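Report on the structure given below.
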Amino acid sequence: MSRLTQLSDNEASAEASALFGAIKSKLGVVPNLYRVIGNAPAVLSAALGFNEALGKGSFDQKTREAIALTVAGENACDYCASAHSAISRNLKVDEAEITARLHGKSADPKLNAILGFASAVVEKRGKVSDDDLKTAKNAGLSEGEIVETVGVVVANILTNYINHVADTDIDFPVVRTQAA
């Protein structure tokens, strides 16, 4: 049972309700994570806005989802592992690749470099080494892609940490990071 309220449509403030409506129009449902974040509509608005802005970056949705899986794996966030595994399946990513991404790996060399760097950012709390940057650059990541990786990592740390605090009820097919 979630330790923070997963607001129903009736419990939501007018601002949260409007944001829930926007989420529902895009996804068809309001996932429990957003129902928790709705307790602070400004945070929900910021999270949605940040992700919308990242969607206009150079990374496609599959890449952003891969980073989300890596961050979920690094932070042992079962809610996000479950949600982003489901989204990845909808994007036609196979199960072996989803599992690899939860461990910061990919069969695709460039994506593998992105995920390796994302793992380093999480593990080292952003204080990556010169070698981490050199490895990313040698794998072909531009400085823009390095910065964008950090941005996607940060967006996912927010949701990981909210889920840890709330112990949000998982409303996707469950994926446990310990078994990943």
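The values are calculated or read from the model by the stated rules, or taken from the named source; none is laboratory data. None of the values given here were measured: they were computed from a predicted structure. So basically every Cβ, Gly included, is an ideal-geometry build from the backbone, and we count neighbours across all protein chains shown. Areas reflect the complete protein model, heavy atoms only, side chains present, ligands, DNA and RNA absent. Shrake-Rupley method; radii C 1.70, N 1.55, O 1.52, S 1.80 Å.
Worth pointing out:
- For LYS134, the lysines whose Cα falls under 29 Å of its own Cα, not counting residues fewer than eight places away in the same chain, are LYS56, LYS62, LYS105, LYS110, LYS124.
- Accessible-area order (highest first, 1.4 angstrom probe) of the listed residues LYS124, LYS105: LYS105, LYS124
- Distance cut-off 30 Å, percentage of C-alpha pairs in the chain lying past it: 17
- Compared with the alpha-carbon gap, the fully stretched path from VAL147 to GLN178 is longer by 8.3 nm at 0.36 nm per residue.
- Cut-off 17 Å (backbone N to label point 7 Å along Cα→Cβ of ALA139), residues of the stretch 61-94: 62-75
- Considering only ALA83, THR99, LEU158, and ranking their Cα positions along the charge dipole of the chain that arises from unit charges at the beta-carbon of Lys, Arg, Asp and Glu, the one farthest toward the positive end is THR99.
- Coupling constants for the stretch 37-50 follow from the phi torsions by the Karplus curve (6.51 cos²θ - 1.76 cosθ + 1.60, θ = phi - 60°), and in residue order they are 4, x, 4, 10, x, 5, 5, 4, 4, 5, 4, 5, x, 4 Hz; glycine and proline get x.
- Within the same chain, aspartates and glutamates fewer than 8 places from LYS137 are excluded, and of the rest, those with a Cα less than 14 Å from its Cα are GLU145, GLU148.
- Radius of gyration and Dmax over the Cα atoms of the stretch 89-163, both given in Å: 12.7, 37
- Gyration tensor verdict on the stretch 1-80 (Cα atoms; rounded if a/c is under 1.5, prolate if a/b is larger than b/c, oblate otherwise): oblate
- Accessible surface, per residue, of the chain when the full set of protein chains is kept, probe 1.4 Å, Å²: 51
- Only aspartates and glutamates eight or more places from LYS92 in sequence, or on another chain, were considered; those with a Cα closer than 18 Å are ASP60, GLU65, ASP108.
- Global geometry of the stretch 8-48, whether rounded, prolate or oblate, following the gyration tensor of its Cα atoms and the 1.5 cut on a/c: rounded
- Solvent-accessible surface (1.4 angstrom probe) belonging to ASP60, in square angstrom, nearest 10: 80
- Acute angle (nearest 10 degrees) that the helix 14-27 long axis makes with the longest principal axis of the chain, alpha-carbon atoms: 60
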